[in-house]
Amino acid sequence: MNIVVCCKQVPDPEAPPASFKIDAAANKVAPAPGVNQVISPFDEQAIEAALRIKDGQESTVRVISMGTDLVSDVVKKPLAMGADELYLIQDEALNDGDGISTAYALATAIKKIGEYDLIICGRQAADWDVGQTGVGIAEELGIACVTVAKKVEVVDGKVRVERVVADGYEVVEVPLPAVVTVSNELGEPRYATLKGIMGAAKKQATVMSAADIGADTAKTGKAGAKSKLLKLYIPVREGKCEMIEAEDPAEAGALLAQKLREAKVL
Amino acid sequence: MDFELNETQLMVRTMVKDFAEKEVAPTAREDDINETFPTEILKKMAALGLMGAPIPEEYGGMGLDWLSYGIMIEELGYQSQAVCSTVRAHISLGAQSILQWGSDEQKKKYLPDMAAGKILSGFVTTEPNVGSDIAGIECMAVDDGDSWILNGTKTWCTNGSNADIVIVIAQTDKSLKGRGLGAFIIPTDSKGYSAHAMHGKMGLRSSDSSEIALEDCRIPKENLIGKIGEGFKVAMSAFDRTRYCVAAGAVGALQQCVDASAKYVADRVQFGKQLGQFQLVQEMISEMRVECEAARLLVYRAGCLKEAGKPNTIETSMAKWYSTEAAFRGANNAIQVHGSYGYTNEYPLERILRDVKACTILEGTSQMHKLIIGRDTTGIAAF
């Protein structure tokens, strides 16, 4: 089983919002000093999904990360968790893309690095939260895609996915090769181990440019983007506090539930 | 001079930090209150290779370098000094003593299971009448043909009630003082070995500190580590290692104080402004941070010297004395910054204060380290 996992390096989403600044002139998020770079959490769960399959059957897990500012101890984490190979696609021509141009670049890279049976991505990246890349890769490769998975199994040459829906989950089975995007309901990703870290330190990532993967740079990065960012801003948050008055806790609870339903929180 | 950590060291920091946040921090408060030994945490650490981190791969360890090992202890110490204490006793007093001084047979017999966390170890020099002056050890080991028979009382043995083996420093000939000492591996299921957990400690409450009674405790002859007369060296080298770990753990505790204080003064508003806008509050946090950075650099230098195989006793003493005292000052200031909230166990600061107080005493008091540093500086022994 050849599994490819796409992992994106992002600024730590747990960092306080005040750490992030907007460069209004460039319409970009200004680099936030002191904010660590991490693997996007949904992508870590994608690694976990791949490793669970590998735990049960012989598999090779290849990881692809894309970007020009990649931090080696961050992007090597999947290797320390148990992945086999790491490919870094680094080229200025791939920067500032959207979900479509990123999906094109990743799909091109996936075709280049070898055989693939299953491609696993996080449901969305923790920086832009767009959630188009996984389905975009499937479109580029002309294969099936199942999104928002909570469980991924490979059975009899097919991938069987439990995918999250509003009131539970549904089971979907598609033939391989396929793309699956993974949600947090999959569960906690495993820790890197010391053995994994020592092994990762000895492994060299394969670094590839746009030319190396055979990408048409008219379709990558900003040049290939199909969407246009009009304005980037931090929304102003206003807190409102409403006291619920009731005769007893049970009534207060019921009234609170009613309010939350009205606000469409529940 | 290069102040950058390498890729492995950074990955170790990230991994242990993540582990400690998720597995150690959630129960640290309750474990302290209930004096609960962290058995489950140790099992999880073993699964990640942490219980044998600096033990060479040929003996089932991970072969971690000294600086990475210090960083691992620092990140554990950020969340719990008690877990730190347990781990450093097992690795740096127990396993690394066998690694440095043990025979090939002893290394093969014990180290793989110690690295895997299947054998937990302790180590003890201290006795009711013997603290820093270990040449005065009274516990006796008598040669009895194919066995050693040990009699005496030991105290403050970390892991003593939970360990599978304890390395005991004992006297074989009182007239020889330090030159008569030996280091003996005592399986804790040996007849004549009994351990009693000590209660009522101010800090490190979920770390096991035990009194050990040895009553005609017979062990095989091959359980002597090294030779008779090397017990003093075994103990001193163990102290060099564990003092490094105590220092590293204290840096972690101090960093927790800095981070908690910085967060609190940003959130807390008094007199219509953030606490951080009061200059005297900022002063306390600045002092804390600088002391933390200074302590960390002392620890990392000691670690680099150990890795290079260079003498490091004085540098380790400096790191241990400074880091633990700085952590105590930092915890005191962090409580002050938090006001009455810091005085409760709703926040971890009062626990840190109690825990790091122990760190200024164990493995050589601050005063002993000043004397060691003073003797090296002046060439005059003052003790």
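Read-outs: derived from the displayed coordinates by stated rules, not from any lab. From a predicted model like this one, the values you see are computed outputs, not experimental measurements. Cβ: placed from backbone, ideal geometry, glycine included. Neighbour counts: every protein chain shown.
Just a few scattered comments:
- Taking 24 Å as the straight-line reach from the Cα of B:Lys221, the lysines in range (excluding those fewer than 8 positions away in the same chain) are B:Lys107, B:Lys108, B:Lys109, B:Lys118, B:Lys154, B:Lys174, B:Lys177, B:Lys191, B:Lys233.
- Simple label model, 7 Å out from Cα along Cβ direction - B:Leu5 to B:Gln100, nm: 2.4
- Between region B:305-342 and region B:19-41, the C-alpha centres lie 22 angstrom from each other.
- Residue with peak Gaussian network fluctuation, chain A [Cα springs, cutoff 10 Å], from A:Lys21, A:Lys240, A:Lys54: A:Lys240
- Net charge in the neighbourhood of A:Asp98 (other residues with Cβ under 11 Å of its Cβ; Lys, Arg +1, Asp, Glu -1) is +2.
- Likely footprinting exposure, B:Lys107, B:Lys43, B:Lys201, fewest C-beta neighbours within 10 Å first: B:Lys43, B:Lys201, B:Lys107
- Listed peptides B:344-357, A:223-236 by packing density, highest first (mean Cβ within 10 Å): B:344-357, A:223-236
- Rg/Rh, computed from the Cα trace of the protein assembly as shown with Rh as the Kirkwood radius, has the value 1.03.
- Mean Cβ count within 10 Å, highest first, over the residues of peptides A:243-254, A:68-79: A:68-79, A:243-254
- Relative contact order computed over region B:121-232 (Cα-Cα under 8 Å; 6+ residues apart), in percent: 32
- The amide H of B:Val166, built 1.01 Å from its N in the peptide plane, has B:Gly122, B:Ile186, B:Thr188 as neighbours under 5 Å, considering only residues 5 or more places off or on other chains.
- Cβ-derived FRET efficiency at R0 51 Å, B:Glu307 paired with B:Asp216, nearest 0.05: 0.75
- Rounded to the nearest 20 debye, the dipole size of region A:64-209 about its Cα centre is 600 debye, using +1 on the Cβ of Lys and Arg and -1 on the Cβ of Asp and Glu.
- Residue exposure proxy: B:Phe271, B:Phe278, ordered by other Cβ atoms within 10 angstrom of their Cβ from fewest to most, comes out as B:Phe271, B:Phe278.
- A:Val130-B:Met236 FRET efficiency (beta carbon distance; Förster radius 56 Å; 0.05 resolution): 0.40
- For B:13-19, mean number of other protein chain Cβ atoms within 10 Å: 4
- Dipole of the protein assembly as shown, positive direction: furthest Cα of B:Tyr322, B:Met51, B:Val16, with charges on the beta-carbon: B:Tyr322
- Charged-residue dipole, Cβ positions (Lys, Arg, Asp, Glu), region B:239-378 about Cα centre, Debye nearest 20: 180
- Modelled spin labels at A:Ala257 and B:Tyr343, positioned 7 Å past Cα toward Cβ, are 4.2 nm from each other.
- Cross-link pairs beyond the 23 Å C-alpha cut-off, checked among A:Lys8/A:Lys112; A:Lys111/A:Lys158; A:Lys150/A:Lys219: A:Lys150/A:Lys219
- Potential lengthening between A:Arg160 and A:Ile22 on full extension [0.36 nm per residue; Cα-Cα distance subtracted]: 45.5 nm
- For chain A, the convex hull drawn through the C-alpha positions has a volume of 171 cubic angstrom per residue.
- Short-range pairs are left out: with C-alpha atoms under 8 Å and at least six residues apart, the relative contact order of region B:298-379 is 30 percent.
- Between the helical axis of B:366-378 and the longest alpha-carbon principal axis of chain B there is an angle of about 80 degrees.
- CD proxy at 222 nm, helix term only [per DSSP H run n ≥ 4: -39500 (n - 2.57); per residue of the protein assembly as shown; nearest 500]: -13000 deg cm²/dmol
- Zone of B:Asp144's modelled label, taken as backbone nitrogen in region B:197-211 under 20 Å from a point 7 Å along Cα→Cβ: none
- Alpha-carbon centroids, region B:142-208 and region B:54-120: separation in whole Å: 19
- Across B:His196, B:His90, B:His369, mean-square fluctuation computed from a Gaussian network of chain B (C-alpha pairs under 10 Å connected) peaks at B:His196.
- Helix runs (DSSP H) in chain A reaching 18 Å along axis by Cα, Kyte-Doolittle at least 0.0: A:99-113
- Other residues whose C-beta falls under 11 angstrom from the C-beta of A:Gln37 contribute a net charge of -2, scoring Lys and Arg +1 and Asp and Glu -1.
- Lysines whose Cα lies under 23 Å from that of A:Lys259, excluding same-chain neighbours fewer than 8 positions away: A:Lys240
- Counting only Cα atoms, the size of region B:239-378 along its three principal axes is 55, 27, 23 Å, in decreasing order.
- For chain B, the longest principal axis of the Cα atoms and the long axis of helix B:104-115 meet at an angle of about 30 degrees.
- The modelled label-to-label distance between A:Ile234 and B:Lys370, using points 7 Å beyond Cα along the C-beta direction, is 4.7 nm.
- The slack in the chain from A:Leu176 to A:Lys202, taken as 0.36 nm per residue of separation less the alpha-carbon distance, amounts to 6.1 nm.
- Among B:Thr86, B:Thr242, B:Thr27, the largest mean-square fluctuation in a Gaussian network model of chain B (Cα springs under 10 Å) belongs to B:Thr27.
- Counted by Cβ distance under 13 Å from A:Lys195, the other residues give a net charge of +2, where Lys and Arg count +1 and Asp and Glu count -1.
- Mean per-residue shielding of peptide A:199-212 is 1, counting Cβ atoms of other chains within 10 Å of each Cβ.
- Gain on full extension, evaluated as 0.36 nm per residue between B:Asn34 and B:Gln279 minus their Cα-Cα distance, stands at 84.3 nm.
- Efficiency of FRET between A:Lys222 and A:Asp84 - r from beta-carbon atoms, R0 30 angstrom, step 0.05: 0.40
- Rounded to the nearest 20 debye, the dipole magnitude of the protein assembly as shown is 980 debye, with +1 charges on Lys and Arg beta carbons, -1 on Asp and Glu beta carbons, and the Cα centre as origin.
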